[in-house]
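> Would you mind keeping the following structure in view while I ask a few things?
Bear in mind these aren't lab numbers, they're just calculated from the coordinates by the rules spelled out. The shown structure was predicted, so the numbers you read here are calculated from the model rather than taken from an experiment. Virtual Cβ from ideal backbone geometry, glycine too; neighbours counted across all protein chains shown.
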Amino acid sequence: MNRIRPARLFRLARVSALLATAASLLVSAGISHAQAWPGKQPVKLVAVFPPGGSVDQVARILAQPLQAQLGQTVIVENKGGASGSIGAAAVAQAPADGYTFAVVFDSHAVNPALIPNLPFDTRKDLAAVSLIGTAAMTIATPANSEYKTFADVATTLKAGKPVNYGTIGNGSLGHLAMTLLGKQNNLNWQHVPYKGGGPMMQDAVGGHVPLVIGSVFVVKPHVDSGRVRALAVTTAKRSPELPSVPALAEIGYGQFEAPAWWAVLAPAKTPPEIIARMSAEISKALQNPDTAKKLEAQGINLIGGTPETARVFIEKQIDIWGKVVKDYSIKAD
């Protein structure tokens, strides 16, 4: 029978003790880092689109309660361009210390397939922190249009008559959603890309384009003013902000779903305890009645939840819309 010599036992015990001490120090360092954050400097939310749009407004609405909760200044920096990829790249390359986060839009999931040679890996270089919420995309028509329902549009198309639809640009979620909806249901409409929601809605109000698709945030003010008519929403259920407008699933289009969405991301190597803390603080902010009211007024269905909830959702969106881009050879502007 082999016996372990006392000297060897001593060495093994010493190694085990050293390993335990090292592990303890690492855990303590992590806890200390998390406890110290965010006392070092202001926290930055990088809104990856220019001022005035939904990403900018979401970031600024969130910044107020987060500042109070964290006891630290929270600033919003707009870094727009290339469908949000310029701002996302800046955050991916920022120090992973918990002081820089990105507020992104649904285009974030489309960009990997749409934009060649992105300067970052969407899945590997950014970590999900929180899924702020989703919103219906709304298909609308000018108030004086002949289309009273979405069925009227389908009837026109199936009679071989042309119908154009406007979006905020090539490769936008609206463009991809209408492409997928059209291909699945033999609706051969023609795409008219605009340089943003403002010009698109101006043409819709003026009757220069018969259909448009945009988030509730973009379309609802014009529905409320009576200048456009909403025909359908692209979420599985009706939007609480447009309760009289049917979901496509209700009117014979299966379980078609193409929501707009907003999320917060961090550089990939940000300590997980900081990501968990920031995620919890965002969820707390979303439960603040004043904050919730402001975001819901933008047509956003609030979600929050864990970083894992956000990661799973975002990766699914990357898979869905990446396939649409590839299958239908969609190109960026």
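> With the Cα gyration tensor of the chain in hand, convert its eigenvalues to equivalent ellipsoid semi-axes via √(5λ) and list them largest first in whole Å.
Values: eigenvalues 424, 97, 58 Å².
One finds semi-axes of 46, 22, 17 Å for the chain.
> Can you check what the net charge comes to around ALA90, using other residues whose Cβ is under 11 Å from the Cβ of ALA90 (Lys, Arg +1; Asp, Glu -1)? Write down the numbers at each step before the final one.
Values: positive: LYS44, LYS79; negative: GLU77.
Combined, the nearby Lys, Arg, Asp and Glu give +1.
> Could you please state, rounded to a whole Å, how far the C-alpha centre of segment 276-333 is from the C-alpha centre of segment 165-229?
Between the Cα centre of segment 276-333 and that of segment 165-229, the gap is 21 Å.
> For segment 137-251, compute the number of Lys pairs whose alpha carbons are separated by less than 24 Å, excluding pairs fewer than 8 positions apart on the same chain.
So the count of such lysine pairs works out to 10.
> From the residues MET201, LEU302, VAL163, which one has its Cα farthest along the dipole of the chain in the positive direction, the dipole being from +1 and -1 charges on Cβ of Lys/Arg and Asp/Glu about the Cα centre?
Comparing the listed Cα positions along the dipole, LEU302 ranks first.
> Express as a percent, rounded to the nearest 5, the fraction of DSSP beta bridges in the chain (both residues included) that run antiparallel.
The answer is about 60 percent antiparallel.
> Kyte-Doolittle cut-off 0.5, length cut-off 15 Å along the helix's own axis using Cα: show which whole DSSP H helices in the chain pass.
Working: long enough: 6-36 (44 Å, 0.92); 54-70 (23 Å, 0.31); 173-185 (18 Å, 0.25); 272-286 (21 Å, 0.40); 307-327 (30 Å, -0.31).
For the chain, where a helix must reach 15 Å along its axis and average at least 0.5, the hits are 6-36.
> Follow-up question, since we're still on this one. Within 10 Å of each candidate Cβ there may be at most 16 other Cβ atoms; applying that plus a DSSP loop requirement, which chymotrypsin sites (Phe, Trp or Tyr not before Pro) in segment 141-199 survive? Intermediate results must be reported in sequence, preceding the final value.
Details: sites: TYR147, PHE150, TYR165, TRP189, TYR194; in loops: TYR147, TRP189, TYR194.
Listed in order of number, the matching sites amount to none.
> Give me D for segment 137-251 in µm² s⁻¹, whole number, from Stokes-Einstein with Rh from the Kirkwood sum over alpha-carbon pairs, 10 °C and 1.306 mPa s. Working shown, then result.
Details: Rh = 13.8 Å.
It diffuses with D of about 115 µm²/s by this estimate.
> Would you mind ranking ASP152, ASP106 so that the residue whose beta carbon has the fewest other beta carbons within 10 Å leads the list? List each step's numbers first, then the result.
On the way: ASP152 14, ASP106 27.
Arranged by neighbour count, lowest to highest, ASP152, ASP106 become ASP152, ASP106.
> In addition: With 10 angstrom as the radius, rank LYS323, LYS293 by how many other C-beta atoms surround their C-beta, starting from the fewest.
So the residues, fewest neighbours to most, are LYS293, LYS323.
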